[in-house]
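The values are calculated or read from the model by the stated rules, or taken from the named source; none is laboratory data. It should be emphasised that the depicted structure is a prediction, and the values quoted were computed from it without experimental measurement. Because the Cβ atoms are built from the backbone with ideal geometry, glycine has one as well, and the counts that use them run over all protein chains shown. These area figures cover heavy atoms from the full protein model, side chains too; ligands, DNA and RNA do not enter into them. Shrake-Rupley method; radii C 1.70, N 1.55, O 1.52, S 1.80 Å.
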Amino acid sequence: MKANFIRRIFNNLANSSPWLVFLPFLLLYAFLSQTMSPHDTLILDEGRYWQFAENLLHGHYHGYVVGTEGYQFLWNGPGYPIFLTPFVALGSPLWLVKLMNAGLLYLAVIFLFKMLNLYVSRSKSLFVAGIFAAYFPMYAESLPFIMTEALAIALTTLATFLLCRAFRYKDFRFKTLLLAGFTFAMLALTKVLIGYVLLVMLVLAGASWLLLGKKEKLFQIGKVFAIALVFCMPYLTYTYAITGKAFYWGNAGGLQLYWMSSPHAEELGDWHSPTLNENPLQHKYHDAFFASLEGLGPVERDAAFKKKALENIKQHPKKWLYNWIANWGRTFFSHPLSFLQPSNGLFMYLVPNIFLIVFSVIMGIASFLHPKRFPTELLVMVTFVAVYLFGTSLLASYVRFLFPVIPILLVWIAYGLNRFVTVDFSPKGELHTQVSAPK
C-alpha cells in the first residue's frame, strides 16, 4: 500500500509541468552559485572571458592593433563572451552572472526531460532527468565561476533535443534544421573543439549516406552539421583574416598537446601554466624550451608547441601512450594529476561515473550488435560524443569536459534499458528482471 502511494505521487509529478517539478533544483543551484564562490573579483579564466566581452562591445574580439601581443590571441571562441556582453555592457555585479549559471543548468535539466520523453515514458524521463539534476560532481565546476561549463551543458542538451525532436516528428523543415544548426554552432563557438567534431560528423554523415543507400535521415542530419559550420563561418573568416590560416579555431591547443606529450615521469599529461610555478622540476624540464619562445606571437608560439609535442611523441611513444591513458582517468575521475598524490576526492567522481561507464559500455555493445534497434539520431549523437571524447583525450582533458555530453549518454542509456530490459515486481515482492532477445 505504501509502495502504491509512492508510485501515485511519482506519477503525479511525472505528469506535472517539469518547470515546476524541477524548481527545487533551480533554487538549490541558485544557492550554490552564491555560496560555493565567495570571491567577488574575477579569478582564473574569468578575467579573459570578461575582457573578450568588453572587446566585442568595442567592435573587435581580440587585440585591435596589428603587431600587439593580443592581436592574434585566440585562446577561446567567442561563444561565452557573446553571452557575457549584456552583463558587461550593463556593469552587472558578478553574483548576477553566476546566478545565470543556475538558470542554465536548470534549463539543461528541463530539456533533458523533454528529450527523454521523446523515447521513454514521462515517469522514466522524470527519474533519469532527476538523476542528472542531482549529479553533484558538476556543481563545483559549473555553478560558482564565470566560465563556460554551465552554458556548454545547456547548449549541448538543447542542440541534441532540437535534433532529436526533429527526427522523432519527422520535421525536416528548413527553419527546424536551422535552429538546431544554430545551437550546435553556438556550442562550437563556446567549446572550439566541437568545431572539429562538427566537421568529422559532417564527413561521417556524408559517407554513411553514400554507403548505406542515401537514407533520408542521414541526409537531414548532415544538413544540421553543415548549417552549424556555416553559422561558424563569420568567426572562421575573422581568424583567417588575422592569422592567414584557414579553419583556425584557436591557439590554445598547442600548449595542451605539449603537456600531453611530456616525456618526464613526474608529468602525466595534464595542463600546466606557462609560468611553470607548480613544481620546481618544471623549471628544470622546460625553462630552456620556453625561453626559446620569447618574442614569438600567439600563432607562432602555438605552432612551436605543436612541433615540439610531435617530436616528444616520436621520441617517447610509450610515455605518450601512458599520458593518454591517464587522460581518460582525468576525464572520468579527475585523477591522476601531476605532482599530486591521489586523495579521497577521487570518490566524488568514482561513485557516479563508474555507473555511467558500465551502462555506456553495455549500450555500446548493444548498439554495435543491433544498430537497427536504436533510433538513427541517437546513434549519431552517441558517435558525436565518442568523437568529442576522443578529441579531448588527445589534449589535456579534465572531468569538466565530460559534463556537457552526459545528457546525451543518459538518453541513449535510458532508451536502451527501456527497449531491452523489463523490471517487474511480483505480487510476492520478488524483483524480476528480463532482458528481451534482439530480433
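Restricting F219, F231 to those that are over 22 Å from A386 (Cβ atoms), in a helix (DSSP H, G or I) and open to solvent by 40 Å² or more (accessible area, probe 1.4 Å) reduces the list to F231. Within the span defined as region 177-186, every residue fails to be within 19 Å of F374 (Cβ to Cβ) and part of a helix (DSSP H, G or I). Looking only at residues of region 1-49 that are closer than 25 Å to P78 by Cα and polar (S, T, N, Q), we find that the one that is farthest from the chain's Cα centre (by Cα) is T41. Residues in region 362-406 that are within 19 Å of M186 (Cα to Cα), in contact with a Ser or Thr (Cβ under 8 Å, 6 or more places away or on another chain) and β-branched (V, I, T): T392, V405. Is there a residue being surrounded by 15 or more Cβ atoms within 10 Å (Cβ to Cβ) and in a helix (DSSP H, G or I) anywhere in region 61-70? No, the conditions are met nowhere in region 61-70. In summary, G206 fulfils each of the numbered conditions (1) buried (at least 18 other Cβ atoms within 10 Å of the Cβ); (2) assigned to a helix (DSSP H, G or I); (3) touching a residue at least 12 places away in the same chain (Cβ under 8 Å) with the single exception of condition (1). Screening region 291-300 for residues that are of a type outside the set (S, T, N, Q) and open to solvent by 30 Å² or more (accessible area, probe 1.4 Å) and picking the one that is farthest from L74 (Cα to Cα) gives A291. Among the residues of region 78-87, just one is closer than 18 Å to H39 by Cβ and open to solvent by 20 Å² or more (accessible area, probe 1.4 Å), namely F87.
Return yes or no: is L158 open to solvent by 10 Å² or more (accessible area, probe 1.4 Å) and under 20 Å from F225 (Cβ atoms)? The answer is yes for L158.
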